Amino acid sequence: MATHDIAIIPGDGIGPEVTAEAFRVLDAAAEVFGFELNKTHYPFSSQHFLDTGEIWPDAAFEEVKGMGSLFLGAIGDPRIEVGKMEFGIIARARFDLDLYLNVRPIKLYDERLCPLKGKGPADIDMVIVRENTEGAYTGMHGFAHKGQDLEVATQTMVWTRAGVERAVRHAFELARSRGGRKHVTLIDKANALRAQDLWMRVFALVAAEYPDISTGHDYIDAACMRMVDTPEDFDVAVTSNLFGDIITDLGAMLQGGLGIAASANIHPGQVSLFEPVHGSFPEAAGKNTASPIAAILAGSMMLDFLGEQEASNAIENTVIDLFRSSRLKGVRAADHPTNEVGELVVSEVRRLGTPA
Ligand code: IPM
Ligand code: MN
């Protein structure tokens, strides 16, 4: 029986409660599909930092490197300086584990979840591949004359040819393997950010190696418009870090809300990170109102990465079925108590394992 070592950081706000539901589902799936999850919980969170002064000690970080994957609930706490915990935990994992792909599916499971008129599951089924280690997120910034009238603030966007190429190449491979329209859209802002000419050139070179895949190109502003107007134009889209961050929140709304959007931060073949796209939502913490669906679907992506395709598909199909049969209404705070959603998914997954 396969055993997968999993590091878990439930984190802040609603992170712990949605993580708990996700692992009830994952544990049930492990039982039904015959594999083992060897879980190690880590307490790193904003509260832990306030209590102990530690964010993510090096020894614990090294431990995680030897595991199969890492699951993160959410990070962010208004009591702490903006960005400190985000950089100490999320960005640390992305950069120091070189998780260069942030794969964010945008898939509408049921027409009733979508705010767009006249759009259904056939129209909204795409994957955004967000470059995850470069761009505006490298942390290269500075201030001069801080606090004075003539203060200067800089933030540098950084792209390497190798970094752009590995993200773009993954998008083409994904378009080939996922059984969609075999179309890759490049999203950038090369008309204003002239350094993004690199993206256009690398995209053209890689595209030439994939004659079976058609291509498109949108500037980020137009891409936002197209996502709302004709989302069916997208199959796989590849974009830089900041634009990927922004457009996947827009995409989450097309799917039904942040409570449903999941993401995989991947370095193929190495320990990778799975998390819901949503944040810590501190106002809702401990109230048992946040939807755990995004966390559950992040768990499904994790199982797929670990080679447990059957279990991964079973979880996703269960969620789809629960929406289509109206047993799940939606992922807004008032729709269902957190634990009841977890219980519902668990009982459906277990039913798959019970001989009829
Ligand atoms: C995300 C989040 C993070 C990001 C924040 C918390 C730093 O918004 O994963 O989308 O900007 O990447
Ligand atoms: Mn974001």
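The values are calculated or read from the model by the stated rules, or taken from the named source; none is laboratory data. Keep in mind that what you see is a predicted model, and the values were worked out from it rather than measured. A quick note on method: Cβ atoms are made from the backbone with ideal geometry, for glycine too, and the neighbour counts reach across all protein chains shown. Protein only, heavy atoms only, side chains kept; ligands, DNA and RNA dropped before computing areas. Shrake-Rupley method; radii C 1.70, N 1.55, O 1.52, S 1.80 Å.
Tabulated results
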| item | result |
| --- | --- |
| Exposure of MET225 as accessible area (Å², to 10), given a probe of 1.4 Å and all protein chains | 130 Å² |
| Probe 1.4 Å, all protein chains present, accessible-area order of HIS217, HIS336, largest first | HIS217, HIS336 |
| In region 172-268, the GluC sites (Glu not before Pro) that fall in loop regions by DSSP, at most 11 other Cβ within 10 Å | GLU209 |
| Helix-only [θ]222 nm of the chain, DSSP H runs n ≥ 4, -39500 (n - 2.57) each, per residue, nearest 500 | -12000 deg cm²/dmol |
| Exposure rank, largest accessible area first [PHE203, PHE33; 1.4 Å] | PHE33, PHE203 |
| Fraction of antiparallel bridges per DSSP, the chain only, in percent to nearest 5 | 40 percent |
| Estimated Rh, region 279-356: Kirkwood, alpha-carbon pairs, angstrom | 13.3 Å |
| Solvent-accessible surface (1.4 angstrom probe) belonging to PHE49, in square angstrom, nearest 10 | 40 Å² |
| Ratio of Rg to Rh over region 197-236 (Cα coordinates, Kirkwood Rh, two decimals) | 1.02 |
| The chain: most fluctuating residue of ALA262, ALA20, ALA144 per GNM, C-alpha cutoff 10 Å | ALA144 |
| Residue-count net charge about GLY259 - beta-carbon cut-off 13 Å; Lys, Arg +1, Asp, Glu -1 | -2 |
| Two-decimal ratio, the chain, of alpha-carbon radius of gyration to 2.2 N^0.38 Å | 0.99 |
| Partner lysines for LYS119 [C-alpha distance under 30 Å; skip if fewer than 8 residues away on the same chain] | LYS107, LYS182, LYS189, LYS329 |
| Values of log10 I(q)/I(0), in the order q = 0.12 Å⁻¹, for region 27-148 under a Debye, Cα-only, solvent-free model | -0.73 |
| P(r), alpha carbons of region 115-255 - 10 Å bins starting at zero, rounded % | 11, 39, 31, 13, 5, 1 |
| Charge sum, other residues only, whose C-beta stays under 10 Å from ALA122's C-beta, Lys/Arg counted +1 and Asp/Glu -1 | -3 |
| Exposure of HIS278 as accessible area (Å², to 10), given a probe of 1.4 Å and all protein chains | 20 Å² |
| Dipole magnitude of the chain, debye to nearest 20 (Cβ charges: Lys/Arg +1, Asp/Glu -1, about Cα centre) | 620 debye |
| Which of ARG350, ARG79 is most accessible, then next, and so on - probe 1.4 Å | ARG79, ARG350 |
| Region 258-310: relative contact order in percent, alpha carbon pairs under 8 Å with at least 6 residues between | 43 percent |
| Region 115-255 - accessible surface per residue (Å², probe 1.4 Å) | 47 Å² |
